[in-house]
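J.: What follows is a structure written as structure tokens; I'll ask about it next.
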Amino acid sequence: MAEKVPLQTLRSDSFLLSIIVPTYNEEEVLPEMYQRTISVIDNIDADVELIFVNDGSSDETLTILTQLHATDSRISIIDLSRNFGKEIAMTAGLDYSCGDAVVLIDADLQDPPELIPQMIDEWQAGFDVVYAQRTSRAGETAVKKATSHLFYRLMKYISQEQIPADTGDFRLLSRRAVNALLKLREQHRFMKGLFSWIGFPQKSIPYQRDARFSGNSKWNYIRLWNFALEGITSFSTLPLKISTYLGVTTALGAFLYGIFILFDTLLIGNPVPGYPSLLVVVLFLGGIQLIALGVIGEYLGRMFLETKNRPLYLIKGYEPSKFSVENG
Ligand code: UDP
Ligand code: MG
């Protein structure tokens, strides 16, 4: 990656940093998360706003946030009307952020806030996207590590954008990167892909991923599978191509087999060949057709949802910070 990027104007020392925290049922971690984040940002020579997005939590998350907001005017709360999922919660936070730089961070302390000053340094050196890259993931099962590894490698091969491996959403974005990201209003938001799609100078910072501080991960395997499907279908049409080639190969095979039967019957004089082989071929073709239809369906379904053009999220309540500029 290029060392320095001169395109950007030099920033003055004082700037506003927005930290966006999507929260969904995080009552157990929030107080600790707030403390740790505060002790980091108190040492940063800048204004900092903390944007908490309450993603339809059913526990005391909102109560805790409201208490924090009452004592700290740097906090703003976006209360979504229901659970929309992390990707959309982050988008809501980005919509409402006004910082010169924006940090996206998980509430569960798996992303160490202590990394933020280092991110700011890289941003001030001219990088628009500074993402944290995991060198280890504590507290996660071997199966999860393996599937996640496989997913990133797969994405690398099938999508045009280079999506960095072992990278979560924990990152710093410059204002122009945020503005670019906000132009992408698709319903199916595979953020990792979108971060790469916008381009701009990007830089990685290695870190050790801690185990969740408390509570449980909201991701089960069905959710992760859907997430992977989302990633693949949002950023690649390769599955559609595979069905085409599969179809062509099968048709070609059938054609050659047809010729073989013709000669077999005419020259060697074999009687009508077996019924079982016929059944196998019919079933095989039926299966392939259904798979291809399913693949098309995945894309068509997404187009269907996309054409409705619904708003990405709805907001139930909003508590601005002292830095907020109302834009809702
Ligand atoms: N999260 C959210 N909405 C959801 C699920 C999760 O805002 O529907 C938030 C959650 O509160 C946390 C972050 O997204 O701050 C990451 O969630 P989690 O720790 O469950 O994911 P993992 O670390 O296992 O990828
Ligand atoms: Mg987590």
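The values are calculated or read from the model by the stated rules, or taken from the named source; none is laboratory data. Remember, it's a predicted structure, so these values are computed and weren't measured experimentally. All Cβ positions, even for glycine, are placed from backbone atoms using ideal geometry, and neighbour counts span all protein chains on display. Quick note on the areas: whole protein, heavy atoms, side chains included, nothing else; ligands and nucleic acids left out. Shrake-Rupley method; radii C 1.70, N 1.55, O 1.52, S 1.80 Å.
J.: Determine the pairs where a residue that is in a loop (DSSP other than H, G, I, E, B), located within the stretch 270-290, has a partner that is modelled with pLDDT of 75 or more with Cβ atoms under 6 Å apart, the partner being 6 or more residues away or on another chain.
T.: As it stands, the answer is Asn270/Asp264, since those pairs meet every condition given.
J.: Count, please, the residues in the stretch 77-100 that happen to be at positive phi and over 19 Å from the mean Cα position of the chain (by Cα). If you could, list the steps in order and put the result at the bottom.
T.: Our first condition is that a residue be at positive phi; within the stretch 77-100, this holds for 85.
Adding the requirement that they be over 19 Å from the mean Cα position of the chain (by Cα) leaves none.
Residues flagged as at positive phi and over 19 Å from the mean Cα position of the chain (by Cα) within the stretch 77-100 amount to 0.
Matching residues to (1) within 16 Å of ligand 1 (Cβ to nearest atom); (2) of a type in the set (S, T, N, Q); (3) not in a loop (DSSP other than H, G, I, E, B):
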position: Gly99; (1), (2), (3): no, no, no
position: Leu109; (1), (2), (3): yes, no, no
position: Asp121; (1), (2), (3): no, no, yes
position: Thr147; (1), (2), (3): yes, yes, yes
position: Lys156; (1), (2), (3): no, no, yes
position: Val178; (1), (2), (3): no, no, yes
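J.: Now a separate question. Taking the stated definitions as given, is Phe84 modelled with pLDDT under 90, aromatic (Phe, Trp, Tyr) and open to solvent by 20 Å² or more (accessible area, probe 1.4 Å)?
T.: No.
J.: If I go through the stretch 116-140 residue by residue, how many of them are within 15 Å of ligand 2 (Cβ to nearest atom), open to solvent by 10 Å² or more (accessible area, probe 1.4 Å) and closer than 17 Å to Ser204 by Cβ?
T.: 3
J.: Return yes or no: is Ala89 near ligand 1 (Cβ under 9 Å from one of its atoms), small (Gly, Ala, Ser) and closer than 17 Å to Phe170 by Cα?
T.: In short, yes.
Rundown of residues vs (1) closer than 16 Å to Ile19 by Cα; (2) among the basic types (Lys, Arg), yes/no style:
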residue	(1), (2)
Thr135	no, no
Glu140	no, no
His149	no, no
Ile158	no, no
Arg175	yes, yes
Ala180	no, no
Leu184	no, no
Arg189	no, yes
